[in-house]
Structure formats: structure tokens, C-alpha cells
Amino acid sequence: MNHYESVMFAFSPDASLALLALGLAAISLEFVRPGWVLPAVGGCLCVVFGIHSLARYPLSPTSLCLIAAGFLLCGLEARLQTKGLLGLAAAAALFMGTLRLVRDRPVHALTALATSLPLAALLSILLTLAWRARRNKRTTIF
């Protein structure tokens, strides 16, 4: 792989999705272990670079709606506690949305699977923990 091919891979939709997923995982690590600065800063940089490199391509509005529906289903999974059924539907919506995200160049199925499944699981788990913490907050003064 020469220099040109490596630079073009860095701007491919596959690498952009991988950067986005890596950035979101690093930011969620900051939510789990607050006080660590490096994961939050690195995650924000990865998300910004991933969005910047995805903005170069014509994105499909249908795929963006499917990805938004996947995020919404992750939130509903946390709120309704359906034992993973809405989380599975969220993973399917994220997978289908990322598969055809770019109109001209389809994303590889393995990349879409490797980014959507862990992201749906991570979002469902974190939102469930956040909802439980909000519901079970202390009512005493001390």
C-alpha cells in the first residue's frame, strides 16, 4: 500500500464510520469513568474527524433517518426495559442505515456490522444505567 492509497483509505466511508464508532466508545468511557480527560478529548477528536470526512460524500436521507431511528430505539430500550428486543431492533436499524449511508460508495457489510452492533449495545447499556440512576436517586438530605 503506497502513500496515496493509505491517504485515500483514511477518507473512505469505512474509515469515517470506524472513527465515529471509536470516538463514541471513547466518550462513553468518559461517562463510565469520569475524570479521565484523554478518552473524552480523543473521542471528541475522532468524532469531529469522522463527521468531517463523511461530509465529503453525498449522504442518503433514508439512511440518516434509519440511524436516528436506531438511536431512538436505544433510548426506548432504556426507558421501557423490553429485555433487549428494542435494542436488537436498534442494532438492525443502525446496521441498515450505515450499510447504505453514502449514495455513491456503499459501506462494506463487515464495517457496518462492526460499528453498528457494538454502538447499539453500548448505547442501550449506558442509557439503561442512566435511566436507573435517575429513577433511583436519593431522597434523603444526608
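The values are calculated or read from the model by the stated rules, or taken from the named source; none is laboratory data. These numbers were taken from a predicted model, which means no experiment stands behind them. Virtual Cβ from ideal backbone geometry, glycine too; neighbours counted across all protein chains shown.
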### Query
Looking at this structure, is residue 100 more than 17 Å from residue 121 (Cβ to Cβ), touching a helix residue (DSSP H, G or I) at 6+ places or on another chain (Cβ under 8 Å) and touching a residue at least 60 places away in the same chain (Cβ under 8 Å)?
no
Only unsatisfied item for residue 28, checking (1) in contact with a Leu (Cβ under 7 Å, 6 or more places away or on another chain); (2) assigned by TED's automatic domain parsing to the domain that holds residue 130; (3) under 23 Å from residue 134 (Cβ atoms), is (2)
Pairing a residue in the range 20-41 that is among the charged types (D, E, K, R) with any residue that is surrounded by 12 or more Cβ atoms within 10 Å (Cβ to Cβ), where Cβ atoms lie under 8 Å and the two sit 6 or more apart in sequence or on different chains, gives 30/36; 30/39; 30/40; 30/43; 33/39
Screening 54, 17, 72, 45 for residues that are modelled with pLDDT of 90 or more and farther than 30 Å from residue 136 by Cβ leaves only 45
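Let's see how each residue does on (1) touching a strand residue (DSSP E or B) at 6+ places or on another chain (Cβ under 9 Å); (2) surrounded by 14 or more Cβ atoms within 10 Å (Cβ to Cβ):
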{"residue": "13", "(1), (2)": "yes, yes"}
{"residue": "17", "(1), (2)": "no, yes"}
{"residue": "30", "(1), (2)": "no, yes"}
{"residue": "40", "(1), (2)": "no, yes"}
{"residue": "53", "(1), (2)": "no, yes"}
{"residue": "66", "(1), (2)": "no, yes"}
{"residue": "72", "(1), (2)": "no, no"}
{"residue": "75", "(1), (2)": "no, yes"}
{"residue": "83", "(1), (2)": "no, no"}
In the set 64, 110, the lone residue that is modelled with pLDDT of 90 or more, more than 27 Å from residue 30 (Cβ to Cβ) and either of a type outside the set (Lys, Arg) or not assigned by TED's automatic domain parsing to the domain that holds residue 16 (or both) is 110
Within the range 93-124, residues more than 13 Å from the chain's Cα centre (by Cα) and either polar (S, T, N, Q) or surrounded by fewer than 17 Cβ atoms within 10 Å (Cβ to Cβ) (or both) come out as 100, 103, 104, 105, 106, 108, 109, 110
Next on the checklist: Given the criteria assigned by TED's automatic domain parsing to the domain that holds residue 28, among the β-branched types (Val, Ile, Thr) and surrounded by fewer than 18 Cβ atoms within 10 Å (Cβ to Cβ), does residue 47 qualify?
Outcome noted: no
